[in-house]
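Below is one structure, written out as structure tokens, with a few remarks after it.
Since every read-out is calculated from the coordinates, none of them should be taken as a lab result. Everything quoted here is computed from the prediction, not taken from an experiment. All Cβ positions, glycine included, derive from the backbone under ideal geometry; neighbour counts span all protein chains shown.
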Amino acid sequence: MDNKKGFTLVELLGVIIILGLVITISFTSINAVKKNSLKKLVETKENAIVQAAILYGQDNPNVLVENSVTNDCQGNQYCAKLTVEFLIENNYIDSEYINNDNGKYDMINDVTGESMSNQEVLVYRQNNRIYAKLL
């Protein structure tokens, strides 16, 4: 009569190895999803910046001055350069994208963790329409 109770060492090692593989694959997948969602969040913030700059240009068409220096305007005759900080200070960017750190409002790049406040935006008029793009 064989009175075998419990698992053998080989069986336990097999289960531990399988669990280790499952956990490794899970963490890898979770990190990939997290990175992808952070990139999408940054893209959403960049789109919000561009839309805010367009709105600013529509509200203030007089700031789009004629510029003979094509380097500043990148080939557009009427333009203005703005910063994200300027758009935040003038309430053109929704508060959902802004961090409030001790009374200092800022927009943070979620991938790098750096401030986006000094990011420049080119607002320009072309064919009587206002456009904007990040520089």
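Projecting the Cα atoms of 134, 115, 86 onto the charge dipole of the stretch 44-134 (Cβ charges, centred on the Cα centre) puts 134 farthest toward the positive pole.
At most 12 other C-beta atoms within 10 Å and a DSSP loop state: those are the exposed trypsin sites (Lys or Arg not before Pro) I care about. Give me the longest piece of the chain that has none.
Maximal segment without exposed cleavage sites: 6-135.
Residues 56, 105, arranged from fewest to most other Cβ atoms within 10 angstrom of their Cβ, appear as 105, 56. Please check: in the Gaussian network model of the chain (C-alpha springs, under 10 Å), which one of 123, 50, 63 has the largest mean-square fluctuation. Per the Cα network of the chain with a 10 Å cutoff, 63 tops the list. Here is the P(r) of the chain: all C-alpha pair distances, binned every 10 Å from 0, give 11, 28, 20, 13, 8, 7, 6, 4, 2, 1 in whole percents.
Only lysines eight or more places from residue 133 in sequence, or on another chain, were considered; those with a Cα closer than 21 Å are 39, 40, 45, 81. Counting 0.36 nm for each residue step from residue 7 to residue 127 and taking away their Cα separation leaves a gain of 35.4 nm. Taking the C-alpha atoms only, the angle from helix 9-59 to the longest principal axis of the chain is near 10 degrees.
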